[in-house]
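S.K.: Once you've had a glance at the structure underneath, I'll fire off some questions.
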Amino acid sequence: MSIYQSLIERLIEQRANYLVLIDPDRKNDGLLEKLVTNVNASGADALLVGGSLIMDGSFDERVAKIKAMSQVPVILFPGSSNQLTRQADAVLFMSLLSGRNPQYLIGEQVQAAPVVKHLGLEVIPTGYLLMAGGSPTAVEFMSSTQPLPMNKPDIVIAHALAAQYLGMSLVYLEAGSGARQAVPDDIISKVTKVVDVPVVVGGGIRTPEGAAAKVRAGAQFVVTGTILEEDGSPATLRALADAVHQG
Ligand code: 1GP
């Protein structure tokens, strides 16, 4: 069974899946063992690995290290077509549908496609929607795109529906790493009422209460990244995982 399918099947027994994002950059080099050990103990459903910018050439080695230690699937969350490696189990094959920069709509994907084929990674087609989370984000800067306004739900719904009609397996509502404002619950609720594909929500989620609210609004996947680096204690991650699983 594919990793995507197994994550979807988990939704029979739990309200949503909890994904933890690890940035495989230099700053986390000495921390990987502790980070992955804590994720293993937390009950998280999968690890996402990727970032907007990797500041050295050790991406491959770090993903290999993460994979060797992880007890859950390792899914690439690539900031560009450079962040591909056979060390992972699957890749979110994303198109930045909120933007109008052809490089991130289709250019990177064309570069990536033959490499993904060669590596044999499972592909999870994902419509990636960047939302304005209250402060400029790395994705916004690196992609030279504008995020979707948080106060225009119809615009967000139209993008999410377009992702569905283009055949994406996931719609990812992203407020940006470290966002001051996470994607509002009412937007999640409006999107998930209209769109049939599972919705992933990430960016600026730090507390079990905040995570549970996203699930009650309809998110089927919740992602946290920064909290792992700031307070990735097993207890904190376990509380987040329980909140996401139970909603
Ligand atoms: C993944 O960008 C998020 O979608 C991670 O956001 O670092 O704010 O948890 P945080």
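The values are calculated or read from the model by the stated rules, or taken from the named source; none is laboratory data. Keep in mind that this is a model prediction, so the values were computed, not measured. Heads up, the Cβs are rebuilt from the backbone with ideal geometry, glycines too, and the neighbour counts pull from every protein chain shown. Accessible surface areas use protein heavy atoms only, side chains included; no ligands, DNA or RNA. Shrake-Rupley method; radii C 1.70, N 1.55, O 1.52, S 1.80 Å.
S.K.: Any idea which of (1) open to solvent by 10 Å² or more (accessible area, probe 1.4 Å); (2) touching a strand residue (DSSP E or B) at 6+ places or on another chain (Cβ under 7 Å) is the one Leu173 doesn't satisfy?
M.R.: Among (1) open to solvent by 10 Å² or more (accessible area, probe 1.4 Å); (2) touching a strand residue (DSSP E or B) at 6+ places or on another chain (Cβ under 7 Å), the lone unmet condition for Leu173 is (1).
S.K.: Would you tally the residues in segment 1-18 being open to solvent by 10 Å² or more (accessible area, probe 1.4 Å), under 21 Å from Gly210 (Cα atoms) and aliphatic (A, V, I, L, M)?
M.R.: Qualifying residue count, segment 1-18: 1.
S.K.: Whether any residue in segment 188-195 is in contact (Cβ under 8 Å) with a residue 12 or more places away in the chain, more than 27 Å from Gln5 (Cα to Cα), of a type outside the set (Lys, Arg) and more than 13 Å from the ligand (Cβ to nearest atom) is what I want to check.
M.R.: There is no residue in segment 188-195 that is in contact (Cβ under 8 Å) with a residue 12 or more places away in the chain, more than 27 Å from Gln5 (Cα to Cα), of a type outside the set (Lys, Arg) and more than 13 Å from the ligand (Cβ to nearest atom).
S.K.: Does Val197 qualify as being surrounded by 21 or more Cβ atoms within 10 Å (Cβ to Cβ) and either outside any helix (DSSP H, G or I) or not hydroxyl-bearing (Ser, Thr, Tyr) (or both)?
M.R.: no
S.K.: A further question on this structure: If you go through segment 24-71 one residue at a time, how many are open to solvent by less than 30 Å² (accessible area, probe 1.4 Å) and either of a type in the set (Asp, Glu) or part of a strand (DSSP E or B) (or both)?
M.R.: 6
S.K.: Give segment 180-194 a look and list any residue that's surrounded by fewer than 21 Cβ atoms within 10 Å (Cβ to Cβ) and among the hydrophobic types (A, V, I, L, M, F, W, C), or say none.
M.R.: Val194
S.K.: Further, regarding this structure: Just wondering, is there one or more residues in segment 133-145 that are surrounded by fewer than 17 Cβ atoms within 10 Å (Cβ to Cβ), near the ligand (Cβ under 10 Å from one of its atoms) and touching a residue at least 12 places away in the same chain (Cβ under 8 Å)?
M.R.: Within segment 133-145 (the criterion being surrounded by fewer than 17 Cβ atoms within 10 Å (Cβ to Cβ), near the ligand (Cβ under 10 Å from one of its atoms) and touching a residue at least 12 places away in the same chain (Cβ under 8 Å)), the answer is yes, since at least one residue qualifies.
S.K.: For segment 204-213, what are the residues that are within 22 Å of Leu92 (Cβ to Cβ), among the small types (Gly, Ala, Ser) and open to solvent by 10 Å² or more (accessible area, probe 1.4 Å)?
M.R.: Gly204
S.K.: Quick one: how many residues across segment 214-234 are within 15 Å of the ligand (Cβ to nearest atom), assigned to a helix (DSSP H, G or I) and either open to solvent by 40 Å² or more (accessible area, probe 1.4 Å) or not β-branched (Val, Ile, Thr) (or both)?
M.R.: Residues flagged as within 15 Å of the ligand (Cβ to nearest atom), assigned to a helix (DSSP H, G or I) and either open to solvent by 40 Å² or more (accessible area, probe 1.4 Å) or not β-branched (Val, Ile, Thr) (or both) within segment 214-234 amount to 5.
S.K.: Looking for something within 19 Å of Gly204 (Cα to Cα) and of a type outside the set (S, T, N, Q) - is there at least one such residue anywhere in segment 118-128? Let's see the steps before the verdict.
M.R.: Here is the first cut: in segment 118-128, the ones within 19 Å of Gly204 (Cα to Cα) are 128.
After this cut, where a residue has to be of a type outside the set (S, T, N, Q) as well, the list is 128.
Yes.
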